[in-house]
Amino acid sequence: MTLLLPILLGLLAFLIGGLYLLGGFRQRQPGEPPLDRGLIPWLGHGLEYRKDKMKFLERMRQKHGNVFTVQLGGYFITFLMDPFLFGAFVKENRERLDFNKYAIQLVHQLFGYKSSGNERQMITKSSHNHLMGPGLEILTLSMMTNLQSLLLKNVVPSSVQKTWIEDNLYNYSYNIIFRAGYLSLFGNVSHRSEGSLEKDKEKDISESEALYYKFCTFDRFIPNFAFGGLKREKKREAETARAFFWNALSIQKLKTRDNVSKWVCDVHQAIMEMGINESMVDRLMLVLLWVSQANTGPTAFWLLLFIMKHPEAMAAVKGEVDKVLKESGQKVLHGGPLIDLTCEMLKKMPILDSAVDETLRLTATPTLIRAVNQDMTLNMADGCKCVLRKGDRLALFPYMVVQTDPEIHPDPHSFKYDRFFNPDGSKKTDFYKAGKKVKYYNMPWGAGVSMCPGRFFANNELKQFIFLTLVYFEIELKNPHDEVPDTDLNRKGFGVNHPLKDMPFRYRPRF
Ligand code: HEM
């Protein structure tokens, strides 16, 4: 008995200490938002959040109001569910609300890249130089060339017989835009390797196709990598897919390619100069591939699908495409030259711009997260204050709070191609809630320090894809009355939604 008591007391102390560390005794302090720890220590509401994030956040909003803190997988995360509070998140000093800390952890989990701490700054600088301004024009030109050779690869133009080609719309859109984007950013097969231009092209086409299917396999693991929920067998499969890309995008392989974009070259060179070892550099290349490709393909699918499902949108977009083509003095002719789709032409397409924004409003669901670096008080737009604890996280989920709020966007689940378009041709930016103008009314690209630096390029890629598809092909859904597919709940919070099923369609050349 004398021995048993200290053992039991020790165990109790251990248990209490453990629970304390797992946040089991945390209480809401004055000024802090309502706290909901959930029943399971450390995990908190993790399972419910993972199963259906929107349902969970709605439940919490009903229970606690627009600001609350929940425990999710070891973190206490405060969600701001009112669009008028977003400014406090976006504008807060980055020393206090830190994106870097969160990003470092995430890229390690997803891509195996261990950060030295300064890469983001370097990538941001390089992105500003090469994904915007004059650099954007060069990249867009390269995209146009690659896009046309992929779009037209299966097509045998004939003035006599125009045969329909059948495919599935998601696979078709993602496949084409992934491969054209990959070739534009990571370069083409070296012209020295195959000996003739035709053979180089064929190799680009076959290699990029294999890479696309591997990428889809890898990308399917992304939510599980993030939540750490992979069983042993699946984990091995996921790690093999990841390692495939470290090798495929390695410095040694990139050195043998032509036309590697300045964006990739610059990041490459800068990271080598930082003294990072080669195997880590290869991993960073996977980060660049993923951020540049994982959202553009699914968006291209939704955009084309929404346009095809809405005849009035198709008529308006096709009318704009034809007008811009005509004004450029070009025509699609049997045996004629390829279309020269310039950045200037892309800038003259407000209707298509609005259709892209509307597609992203309906399908882009990123969760924006910052690490709280010190105990602090967040000053809200409504004059309230919100006390946050060091070590916690602050999060926004704009898809739910702004993009599908019926007050800001009436009939929020319908696709309206002209929602972001004023009758005078300018971009519509006036959206209101409770009579007040909402500044952050659509946030597919994130906001503040982590706002997507590739957004102008992505926008151009999407417009090029639609423009060229509509001028070169007649397209139709095989089952036009099929509903727009539901989305995979597992992907909510990771960027653009994935459909649960594909949509069969067919196309044939117009020329
Ligand atoms: C439809 C396509 C795209 C969407 C919806 C999208 C969306 C986003 C979002 C929401 C973020 C911020 C993530 C966060 O705050 O946690 C982001 C970051 C980023 N995106 Fe994009 N993106 C797209 C395409 C691209 C493309 C084509 C590129 C490059 C060529 C690119 C490069 C980046 C980079 C480098 C970051 C990291 C920024 C940082 O760490 O500060 N994105 N993107």
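Derivation of every value follows stated rules applied to the coordinates shown; laboratory data play no part. Nothing here was measured: the structure is a model prediction, and the numbers come from that model. Heads up, the Cβs are rebuilt from the backbone with ideal geometry, glycines too, and the neighbour counts pull from every protein chain shown.
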For LYS348, give me every one of the lysines with a C-alpha distance below 16 angstrom, ignoring sequence neighbours fewer than eight places off in its own chain. LYS318, LYS323, LYS326, LYS427, LYS428, LYS463
Which of the GluC sites (Glu not before Pro) found in segment 409-511 are loop residues per DSSP with 13 or fewer other Cβ atoms within 10 Å of their Cβ? GLU483
Can you bin segment 152-212 into rounded, prolate or oblate? Criterion: square roots of the alpha carbon gyration tensor eigenvalues sorted a ≥ b ≥ c, rounded for a/c under 1.5, prolate for a/b above b/c, oblate for the rest. oblate
Please report the antiparallel percentage of the DSSP beta bridges confined to the chain, to the nearest 5. 85
Taking 0.36 nm per residue of sequence separation and subtracting the Cα-Cα distance, how much length would be gained by fully extending the chain between GLU233 and GLU474, in nm to one decimal? 82.3 nm
For a Förster distance of 35 Å, can you work out the FRET efficiency between the beta-carbons of ASN154 and ILE251, rounded to the nearest 0.05? 0.55
Within straight-line cross-link reach of LYS235, lysines at Cα separation under 16 Å, skipping those fewer than 8 residues along the same chain: LYS214
Using Cα-Cα distances under 8 Å and only pairs 6 or more residues apart, what relative contact order does the chain have, in percent? 23
Let a ≥ b ≥ c be the square roots of the eigenvalues of the Cα gyration tensor of segment 361-414; is it rounded (a/c under 1.5), or, if not, prolate (a/b larger than b/c) or oblate? oblate
With just the Cα atoms defining each centre, how far is segment 341-416 from segment 296-330? Give it in Å. 25
Could you work out how far helix 455-472 tilts from the main Cα principal axis of the chain, as a 0 to 90 degree angle to the nearest 10? 40
Only loop residues by DSSP count here, and only those with at most 11 other Cβ atoms within 10 Å; note down the chymotrypsin sites (Phe, Trp or Tyr not before Pro) in segment 19-127 that meet that. PHE25
Roughly how far apart, in whole Å, are the Cα centres of segment 453-511 and segment 270-287? 33
How far is it, in nm, from the label point at ASP340 to the one at GLN29 when both lie 7 Å from their Cα along the line to the Cβ? 6.5
Under the rule a/c < 1.5 gives rounded, and otherwise a/b versus b/c splits prolate from oblate, where does segment 419-511 land using the Cα gyration tensor? prolate
Just the number, please: Stokes-Einstein D of segment 22-116 in µm²/s, Kirkwood Rh from C-alpha pairs, 10 °C, 1.306 mPa s. 106
Run a plain Debye calculation on segment 208-277 (Cα atoms as equal point scatterers, no solvent) and give log10 I(q)/I(0) at q = 0.13, 0.20 Å⁻¹, rounded to two decimals, same order as the q list. -0.51, -0.94
Using a cut-off of 19 Å between alpha-carbon atoms, which aspartates and glutamates can reach LYS416, once sequence neighbours fewer than 8 places away in the same chain are excluded? GLU312, GLU320, ASP353, ASP357, GLU358, ASP405, GLU407, ASP424, ASP430, ASP482, GLU483, ASP486
With R₀ set to 45 angstrom, the calculated FRET efficiency between the beta-carbons of LYS51 and LEU197, to the nearest 0.05, is 0.30
For the chain, what does -39500 (n - 2.57) per DSSP helix run (n ≥ 4), summed and divided by total residues, give at 222 nm, in deg cm²/dmol to the nearest 500? -16000 deg cm²/dmol
Low-density loop positions, trypsin sites (Lys or Arg not before Pro), segment 440-490 - DSSP coil, at most 15 other Cβ in 10 Å: LYS478
Between 0 and 90 degrees, rounded to the nearest ten: what's the tilt of helix 169-186 against the longest Cα principal axis of the chain? 90
What are the ³J(HN,Hα) couplings of segment 93-104, residue after residue, when phi is run through the Karplus curve with 6.51, -1.76, 1.60 and θ = phi - 60°? Round to Hz, x for glycine and proline. 3, 6, 6, 8, 10, 10, 7, 3, 4, 5, 5, 4
Over the chain, what portion of Cα pair distances is larger than 28 Å, expressed as a whole percent? 58
How much length, in nm to one decimal, is gained on full extension between ASP486 and THR163, taken as 0.36 nm per residue of separation minus their Cα-Cα distance? 113.2 nm
